[in-house]
Each structure stands twice: as structure tokens, then as C-alpha cells.
Amino acid sequence: MINTLVRPADLNDRQQLSNLIFFEARLHRHLDWRSPLEWLGAPFYWALDEGGQITAAMACPTEGAGIAWVRLFVFTGRWSAENAWNLLWSTAKTEIAERGGAKVAAIAIQPWFQDVLSGSGFENHQQIVMLEWRYQPLAGLGKSRGAQEAGGVRIRQMTEADLPEVEKTDAASFDPLWQNPLETLRRAFAQALYATVAENENGIIGYQLSTGGGQRAHLARLAVHPAVQGKGAGRALLSDLFQYLTYAGISRLSVNTQSDNQVSLSLYQRMGFVRTGEQYPVYTFDVVA
């Protein structure tokens, strides 16, 4: 008889987990600055082990205080989605509670994962909506930088030394669920195609990080400190980004934001972004200590 065991995943499981992630279609993977394998060794990463063979895995390591995103859920055809999830989630809830509790969250792109989450008590209070900007030759981008400087906002490229101040702006701009701690910002900066900060006489008041290449780019992060929102910093960051993309020959820029973030949605739509029609639910579950 083969024993079924839910146990912490460790570095020795790397090859088996790599095979699961690569070969299995039954996979939820969080959009992340780290791959699922890079989280190995972190707390809240479990494997479903059957006689030495990993047939399912789940990872929801904490990144910020009290926040744990489901970064990986994968299983073989040996299991149904519900059975694999229930075995792993039962262990997860217990261990997270023992370590002080956390808000566990997931962006569920696949319908089967939405069913799994709603069936285990997760709640959906908002959506992630997708928007896209396309290059328009008559947009007057060539004047954008001068207008930014004249308006008291200067846009310049981000440096690694800026990241502690960028983190402060990020923390002030977003609810805890969506904040990026310093280590995450370091990884994002290292992977960015183009990263800039907005400054006024008081220092950094906003920033953007974009990724991509070829004909497409993605605005991965845009933040403006609440104290100066509505005064042109966000528009200046986007205008500068559009100018950069135009000179680089990149004609399309995607972005996503929360369905209830009216400030961001209004800015993006004023700047020429249009909704693509794609949206994905965000599910959360509060594990109490």
C-alpha cells in the first residue's frame, strides 16, 4: 500500500516539481517576479507525496506581512482538482494559522480553479481588468517631457539606489494585498525593460516599471503617492513611457488593474488605454491565527 503524505517541499524536490510544472496542464501559476521553483525552501510550500512520487503541489509563501498569494497549484491526472486542493489546503490552513495567520489570495484565470476556490470558502470581491494602449502617430508624444518638467514634475530613469524610496511610495499607494516589498521591487527592477521615477522638489512621488520586447510591452507597475495624485505625475510617467516605446518601435502596451480602482482606470482611459474585455477574479481567504 502506497502512503499519501502532505509534506513541506524542499530543494531536493526541484526536479520532480519542475517536471510537474512543465508537463502538467492542470496548473495554476501566479504571475510573479519569481518562478515557482525559486520559492523552494520558503515556508508554506507543500508537496503531495505518494511513495516518493510527488503528484501535486501547492505554494503560498508570504511576501509582505500577513499576505500569502497562491503562487502554485499543480496536480497529476491521479487526482481531481478538488481532491488534490483539499488535501493540500487542509495542511496549509493549519500551518498558516499556527504561524500567525494570513490573508491568502489568488488570481484565478482558469474556470476550474475558480470553482476550486469558491468551493473551499474563498470569496471574490474584485476583478483584475485588462487594458491596452496602441501607438497613435498623431498623439503629440514629442512634447511630453518638456511639459512634465515645466509642470514641476521631472521624469528620469530609475536606479537601484532609488528602490527604498520607491518602496515607500508603493506602500502609500496600495492596499496591503497589492504592495510590493523591497526585495520584490529589486527583482522587478532587474527584469524591467524601462523603469522611471517621477520627482518634485520633495523627492520621488511616483514610479513605473514596464517589461516586454518585440512589438509588445506590459506596464507591470504604476504608482503615484496619494498626497500628489491628480497633479500630473501619473500622466507624466505614462507620457514619457509612450515616448520611450515609440522610439523603441514598440506599438502596444498592456496593463491590468483592479476593477474597483477608479483612480487608475480613469487615468488609463484618459491616456488612451481601452479595455480588452478580459477580466479575472481575485479570491481571498482570511486564515485566522
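Where the second residue is in a loop (DSSP other than H, G, I, E, B) and not hydroxyl-bearing (Ser, Thr, Tyr) and the first is at pLDDT 95 or above and open to solvent by less than 60 Å² (accessible area, probe 1.4 Å) and lies in region 148-164, which pairs have Cβ atoms under 9 Å and are six or more apart or on separate chains?
Taking only residues 6 or more apart or on different chains, the pairs are 158/192.
Here's the yes/no breakdown for (1) under 14 Å from residue 245 (Cβ atoms); (2) touching a helix residue (DSSP H, G or I) at 6+ places or on another chain (Cβ under 9 Å):
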site: 183; (1), (2): no, no
site: 188; (1), (2): no, no
site: 203; (1), (2): no, yes
site: 211; (1), (2): yes, yes
site: 215; (1), (2): yes, no
site: 218; (1), (2): yes, no
site: 223; (1), (2): no, yes
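Starting from region 42-63, keep only residues that are acidic (Asp, Glu), then list their pairs with residues that are open to solvent by 10 Å² or more (accessible area, probe 1.4 Å) and in a strand (DSSP E or B) whose Cβ atoms are within a distance under 6 Å, requiring at least 6 positions of separation or different chains.
Pairs found: 49/5; 49/7; 50/4.
Here is a yes/no grid of residues against (1) among the polar types (S, T, N, Q); (2) modelled with pLDDT under 95; (3) part of a helix (DSSP H, G or I):
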position: 5; (1), (2), (3): no, yes, no
position: 15; (1), (2), (3): yes, no, yes
position: 22; (1), (2), (3): no, yes, yes
position: 25; (1), (2), (3): no, yes, no
position: 31; (1), (2), (3): no, yes, no
position: 43; (1), (2), (3): no, yes, no
position: 47; (1), (2), (3): no, no, no
position: 57; (1), (2), (3): no, no, no
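For region 153-172, give me each residue that is among the hydroxyl-bearing types (Ser, Thr, Tyr) and over 18 Å from residue 227 (Cβ atoms).
159
Take residue 276 and decide whether it is surrounded by 15 or more Cβ atoms within 10 Å (Cβ to Cβ), at negative phi, outside any helix (DSSP H, G or I) and not small (Gly, Ala, Ser).
Criteria not met by residue 276.
In region 190-202, what residues are acidic (Asp, Glu) and either at pLDDT 95 or above or at positive phi (or both)?
199 - this is the single residue of region 190-202 that is acidic (Asp, Glu) and either at pLDDT 95 or above or at positive phi (or both).
Within 25 Å of residue 252 (Cβ to Cβ), modelled with pLDDT of 95 or more, basic (Lys, Arg) and assigned to a strand (DSSP E or B), is that true of residue 187?
No; evaluated as a whole, the condition is false for this residue.
Could you please let me know if residue 130 is modelled with pLDDT of 95 or more and surrounded by fewer than 19 Cβ atoms within 10 Å (Cβ to Cβ)?
yes
Considering only residues that are open to solvent by 30 Å² or more (accessible area, probe 1.4 Å), in contact with a Leu (Cβ under 8 Å, 6 or more places away or on another chain) and not aliphatic (A, V, I, L, M), look in region 174-210 and name the one that is nearest to residue 231 (Cα to Cα).
So the residue we want is 189.
Would region 84-98 turn up any residue that is open to solvent by less than 40 Å² (accessible area, probe 1.4 Å), under 25 Å from residue 188 (Cβ atoms) and either assigned to a helix (DSSP H, G or I) or touching a residue at least 40 places away in the same chain (Cβ under 8 Å) (or both)?
The answer is no, given that none of the residues of region 84-98 is open to solvent by less than 40 Å² (accessible area, probe 1.4 Å), under 25 Å from residue 188 (Cβ atoms) and either assigned to a helix (DSSP H, G or I) or touching a residue at least 40 places away in the same chain (Cβ under 8 Å) (or both).
The values are calculated or read from the model by the stated rules, or taken from the named source; none is laboratory data. Not measured: the values here are computed from a predicted model. Cβ atoms come from the backbone with ideal geometry, glycine included; neighbour counts cover every protein chain shown. For the accessible areas, the whole protein counts, side chains as well, though only heavy atoms, and no ligand, DNA or RNA atoms are used. Shrake-Rupley method; radii C 1.70, N 1.55, O 1.52, S 1.80 Å.
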